[in-house]
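Shown next, in structure tokens, is the structure this report addresses.
The values are calculated or read from the model by the stated rules, or taken from the named source; none is laboratory data. On a predicted model such as this, the values are computed, not experimentally measured, just so you know. Ideal geometry is used to build each Cβ from the backbone, glycine not excepted, and the neighbour counts take in all protein chains shown. Note: areas computed on protein heavy atoms with side chains; ligands, DNA, RNA excluded. Shrake-Rupley method; radii C 1.70, N 1.55, O 1.52, S 1.80 Å.
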Amino acid sequence: MTNLRCSVNTCAHYVDNLCSLNSVKIEGPRADEPDGTCCDSFREAKDSTSNCSCKDARLETSVGCSAENCKFNEDCKCHADSIDICGCGAKQTESTLCGSFRSE
């Protein structure tokens, strides 16, 4: 599993720079830079209680990935030691990105 850090504080799954999901999906099949990726698991928090610390935050998360050109993608899974999901203030999936994407 990958250590996942997340700065998308508007996501319903966000808890203290972590994600409360067991697994997330990164999209970006034709990406050749981080801006071409996004977190497909993003769901906008509808109110301030949606992303409260009462959820289980997880440092280790399974990360599915469709970014074919990323050097960490092996068989549609991220094999980076750590990954950063960025998009502070995002209101939609396309406003997020995988900050750990590295082109092959």
Exercise. So which residues in the stretch 66-98 are at pLDDT 95 or above, among the small types (G, A, S) and out of contact with any Lys or Arg (no Cβ under 9 Å at 6 or more places or on another chain)?
Worked result: G87, A90, S95
Exercise. Between residues in the stretch 14-30 that are in a loop (DSSP other than H, G, I, E, B) and residues that are open to solvent by 50 Å² or more (accessible area, probe 1.4 Å), which pairs lie under 7 Å by C-beta distance while being six or more apart or on different chains?
Worked result: D16/S53; N17/R5; S20/K55; S20/D56; S20/R58; N22/R58; P29/E68
Exercise. Does the stretch 15-40 hold any residues that are open to solvent by 40 Å² or more (accessible area, probe 1.4 Å) and farther than 11 Å from C98 by Cβ, and which are they?
Worked result: D16, N17, L21, N22, S23, P29, R30, D32
Exercise. Counting only residues that are in a loop (DSSP other than H, G, I, E, B) and without any contact (Cβ under 8 Å) to a residue 60 or more places away in the chain, which one in the stretch 64-82 is most open to solvent (accessible area, probe 1.4 Å)?
Worked result: D75
